[in-house]
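The values are calculated or read from the model by the stated rules, or taken from the named source; none is laboratory data. Keep in mind the model is a prediction, meaning the values are calculated, not measured. Cβ placement follows ideal geometry from the backbone for every residue including glycine, while neighbour counts extend to all protein chains displayed. Areas reflect the complete protein model, heavy atoms only, side chains present, ligands, DNA and RNA absent. Shrake-Rupley method; radii C 1.70, N 1.55, O 1.52, S 1.80 Å.
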Amino acid sequence: MNRTEKAEQLARDFLALLNRNAPVEDYLKYLPDGDFEQWSYPEVEIKNLEHLKGFFAQTWGMIKSQNNEITTITSRELESGRIELEVSVNWSAETATGQKFARPLHYQMTIMDGSSSGDPVGQFPKIMRYKMTRG
């Protein structure tokens, strides 16, 4: 599998983790150490892993189930050696109170090879920049 294919597989695997409301520990192999370059949602900017853990704990408590159905994935290699991914999904969710939502979402990720405390061998690409937007 080449670097671009590995990056695209990371996106699929990452969204599969979201689909099952996986604990944040399951994401560590994809995350760099230290503060994030960017990790943003429409309502919040996440600074680092501790902040992400708190955000996930709050969010997963409100969402009973969710599904990110991928409609498109595009990737391009950047001169820096990183890979930029654009992923469009049809997202649906049910809250803990039974409300149902559905909307298109767009994920932008910048990926690079490397190791971290969650992946000391560097087996998995790392998400250096992450941005989720509606639509």
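A cut-off under 15 angstrom between Cβ atoms defines the neighbours of Lys131, and their net charge, with Lys, Arg +1 and Asp, Glu -1, is -1. One way to sum up the overall shape of the stretch 1-41 is the equivalent ellipsoid from its Cα gyration tensor, whose semi-axes run 18, 15, 10 Å, largest first. Among Leu17, Leu78, Leu105, which one moves the most in a GNM of the chain with springs linking Cα atoms closer than 10 Å? Answer for the Gaussian network model of the chain: Leu78.
Solvent exposure of the chain amounts to 54 Å² per residue of accessible area, where only protein heavy atoms count and the probe is 1.4 Å. GNM on the chain, alpha-carbon springs under 10 angstrom: the most fluctuating residue among Phe14, Phe101, Phe55 is Phe101. Computed about the Cα centre, the dipole magnitude for the stretch 56-105 is approximately 280 debye when only Lys and Arg (+1) and Asp and Glu (-1) carry charge, each at its Cβ. Where only DSSP H runs of four or more residues are counted, the chain gives -7500 deg cm²/dmol as its mean residue ellipticity at 222 nm, each run worth -39500 (n - 2.57). Result for the chain in a Gaussian network model with C-alpha springs under 10 Å: among Glu25, Glu43, Glu86, the largest mean-square fluctuation is at Glu43. Over 27 Å between C-alpha atoms is what I'm after, so list which of Lys64/Lys131; Lys6/Lys100; Lys53/Lys100; Lys100/Lys131 land there. Check vs 27 Å cut-off fails for Lys6/Lys100.
For the chain, the dipole from Cβ point charges (+1 on Lys and Arg, -1 on Asp and Glu) about the Cα centre works out to 380 debye, to the nearest 20. The angle between the Cα long axis of helix 3-19 and the longest principal axis of the Cα atoms of the chain comes to about 20 degrees, rounded to the nearest 10. Once the dipole of the chain is set up with Lys and Arg at +1 and Asp and Glu at -1 on Cβ about the Cα centre, which of Gly81, Ala7, Thr71 lies farthest towards its positive end? So the residue furthest toward the plus end is Thr71.
Between the listed residues Leu17, Pro42, Gln99, the Cα displaced farthest toward the positive end of the dipole of the stretch 13-135, a dipole computed from Cβ unit charges relative to the Cα centre, is found at Gln99. Helix 49-62 and the longest principal axis of the Cα set of the chain meet at an angle near 30°. Electrostatic tally near Thr74: other residues with Cβ closer than 14 Å to its Cβ, Lys and Arg +1, Asp and Glu -1, net -3.
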